[in-house]
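Here's the structure, in structure tokens; my notes come after.
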Amino acid sequence: MNVAMSLLDISCKLQLNWQRPISPFVIGIFHDLCKCDLYKKQADGTYIYNVDADSRHGIKSLEIARKIMDIIDEEAACIEHHMGAFTEKDKWKAYSSAVQKYENVLWTHSDDMYSS
């Protein structure tokens, strides 16, 4: 929720252009859906890391988001690449290409870092 609210705020302050006005909220809410199964609840109510969880981050979040609602290409790029260069080196070129195509990919990554 912090990312959603902050991304809405910077979008307004910086007058970012989005293909859909709701995109900052959609991206902010959905960008970390991948974390939903990263922890398992134990019988005592505590949680442990789920070593069997799907470890893909942005792309897994995007796949889950697409099951919930229609995600347009700009939103997809922002969700998939919200980790920026904090991912495997072989993904850096795709991140750079996404930023060139949709400048809001960079703002999404920056805001995710700022919010955390």
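Values in this text are rule-based calculations from the coordinates and carry no lab data. Note that the structure is a prediction, hence the values are computed from the model and not measured. Cβ atoms come from the backbone with ideal geometry, glycine included; neighbour counts cover every protein chain shown.
Here are the numbers for this structure:
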quantity	calculated
Global size of segment 5-116 as Cα Rg and Dmax, reported in angstrom	14.9, 49
Cα-centre dipole for the chain with unit charges at Cβ (Lys and Arg positive, Asp and Glu negative), debye to 20	60 debye
Per-residue ³J(HN,Hα) for segment 17-27, Karplus 6.51 cos²θ - 1.76 cosθ + 1.60, θ = phi - 60°, Hz, x for Gly and Pro	9, 10, 5, 10, x, 7, 3, x, 5, 4, 5
³J(HN,Hα) computed for each position of segment 82-89 - Karplus, 6.51 cos²θ - 1.76 cosθ + 1.60, integer Hz, glycine/proline x	5, 7, x, 7, 7, 8, 4, 4
Nearest 10 degrees, 0 to 90: helix 92-101 Cα axis against the chain principal axis	40 degrees
Most fluctuating residue given options GLU80, GLU63, GLU88, as computed from a GNM of the chain linking Cα atoms under 10 Å	GLU88
Fraction of alpha-carbon pairs over 15 Å apart in segment 41-82 - percent	52 percent
Angle between the chain longest axis and helix 2-13 axis [Cα atoms, degrees, rounded to 10]	10 degrees
Label-point separation in nm, LEU14 to TYR49, each point 7 Å along Cα→Cβ	3.1 nm
Loop chymotrypsin sites (Phe, Trp or Tyr not before Pro), segment 33-89 (other Cβ atoms within 10 Å of the site Cβ: 16 or fewer; DSSP)	PHE86
Taking the C-alpha atoms of segment 56-106, convex hull volume expressed per residue in Å³	59 Å³
